[in-house]
Amino acid sequence: DAKTTQPTSMDCAEGRAANLPCNHSTISGNEYVYWYRQIHSQGPQYIIHGLKNNETNEMASLIITEDRKSSTLILPHATLRDTAVYYCIVRLTYNNNDMRFGAGTRLTVKP
Amino acid sequence: GAVVSQHPSWVICKSGTSVKIECRSLDFQATTMFWYRQFPKQSLMLMATSNEGSKATYEQGVEKDKFLINHASLTLSTLTVTSAHPEDSSFYICSAIRTTDNSPLHFGNGTRLTVT
């Protein structure tokens, strides 16, 4: 079973920030948080990952709470092309067998 | 960035035949590859994990004799759906990972299998 819970769906207005939450209350100290997204009929696309510090790249920002039990993916200026299913996964770096996906959040960006 | 190529992108086959799907890591050596299947409007379901040079580890409920996985090199893994039936019709996705560090998983673009 996936170790994360996410809202089933969210809407966001084009040009606004999209904030996608993820709960991972059973995360252990050496598990990373990864975010992927999947556009219809394509393979998942890697977005960002982090351990405990907040991270930012050209696609998004990742905010991890101090207790690491939850995180938020932020798309600063959502576009229509950001409409996708977003998956949050926790993973032990040395346990490559632990790559199970939860249900994800279906983000719809509206004009 | 790292690229994983999956082939074919779609295939239609007749019931009872076998279909092979290839997954290649193009610019890195993949110590581990994962195979998933995805039904419409559902999440990815992990089928098996394969490490180069060893037998794949299958998830509970996945028949290893039906879904044959070979990971003969650090850049290639194959999934063969044997004696395919219409219920095997699905979207199959592979992914590959570089090493046991925190490198992200990279996914192929999937193979849409339709069994008639």
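The values are calculated or read from the model by the stated rules, or taken from the named source; none is laboratory data. Everything quoted here is computed from the prediction, not taken from an experiment. Cβ: placed from backbone, ideal geometry, glycine included. Neighbour counts: every protein chain shown. Ligands, DNA and RNA are stripped out before the accessible areas are found, and what is left, the full protein with its side chains, is counted by its heavy atoms. Shrake-Rupley method; radii C 1.70, N 1.55, O 1.52, S 1.80 Å.
Residues considered: B:E87, B:E52, B:E22. Largest GNM mean-square fluctuation over chain B, using C-alpha springs under 10 Å, is found at B:E87. Compared with the rule-of-thumb size 2.2 N^0.38 Å for a compact globular protein, chain A has a Cα radius of gyration ratio of 1.01. Computing Rg and the Kirkwood Rh from the Cα coordinates of chain B gives a ratio, Rg/Rh, of 0.95. The Cys residues in chain A with no partner Cys Cβ within less than 4.7 Å of their Cβ are A:C12.
Here B:F39 and A:T56 are evaluated by their C-beta separation; at R0 = 22 Å the FRET efficiency comes out at 0.05. The GluC sites (Glu not before Pro) of region A:1-76 that meet both conditions, a loop assignment by DSSP and at most 15 other Cβ atoms within 10 Å of the site Cβ, are A:E14, A:E58, A:E66. Cysteines of chain B lacking any other cysteine Cβ under 4.7 Å from their own Cβ: B:C13. In this structure, the pairs whose alpha-carbon distance is over 30 Å, taken from A:K52/B:K55; A:K52/A:K110; B:K14/B:K41; A:K110/B:K41; B:K41/B:K66; A:K69/B:K66, are A:K52/B:K55; A:K52/A:K110; A:K69/B:K66. For chain A, modelled as a GNM whose springs connect Cα atoms under 10 angstrom apart, the maximal fluctuation among A:C12, A:C88, A:C22 occurs at A:C12. Using C-alpha pairs below 8 Å separated by at least 6 residues, the relative contact order for chain A is 38 percent. Here's the picture: charge each Lys and Arg Cβ at +1 and each Asp and Glu Cβ at -1 in region A:35-111, and of A:H40, A:Y86, A:M99 the one pushed furthest to the positive end of that dipole is A:H40. Here, region A:53-94 has an Rg and a Dmax of 12.0, 36 Å when only alpha carbons are counted.
Within the accessible surface of chain B, defined with a 1.4 Å probe on protein heavy atoms only, the carbon and sulfur portion equals 51 percent.
For region B:17-66, the share of alpha carbon pairs falling in successive 10 Å distance bins from zero is 20, 49, 28, 2 percent.
Convex hull volume of the Cα atoms of region A:19-73, normalised per residue: 87 Å³. Among the protein heavy atoms, those of A:M10 account for about 50 Å² of accessible surface (1.4 Å probe, every chain in place). Inter-label distance, B:E52 to B:T116: 3.9 nm, where each label sits 7 Å from its Cα along the C-beta direction. Think of each Lys and Arg Cβ as +1 and each Asp and Glu Cβ as -1; about the Cα centre, that makes the dipole of the protein assembly as shown roughly 340 debye.
Using only alpha carbons, the protein assembly as shown has a radius of gyration to Kirkwood radius ratio (Rg to Rh) of 0.97. The dipole here belongs to region A:25-81: it is taken about the Cα centre, uses +1 on the Cβ of Lys and Arg and -1 on the Cβ of Asp and Glu, and is about 160 debye. For the pair B:T82 and A:D11, label points projected 7 Å from Cα toward Cβ lie 5.0 nm apart.
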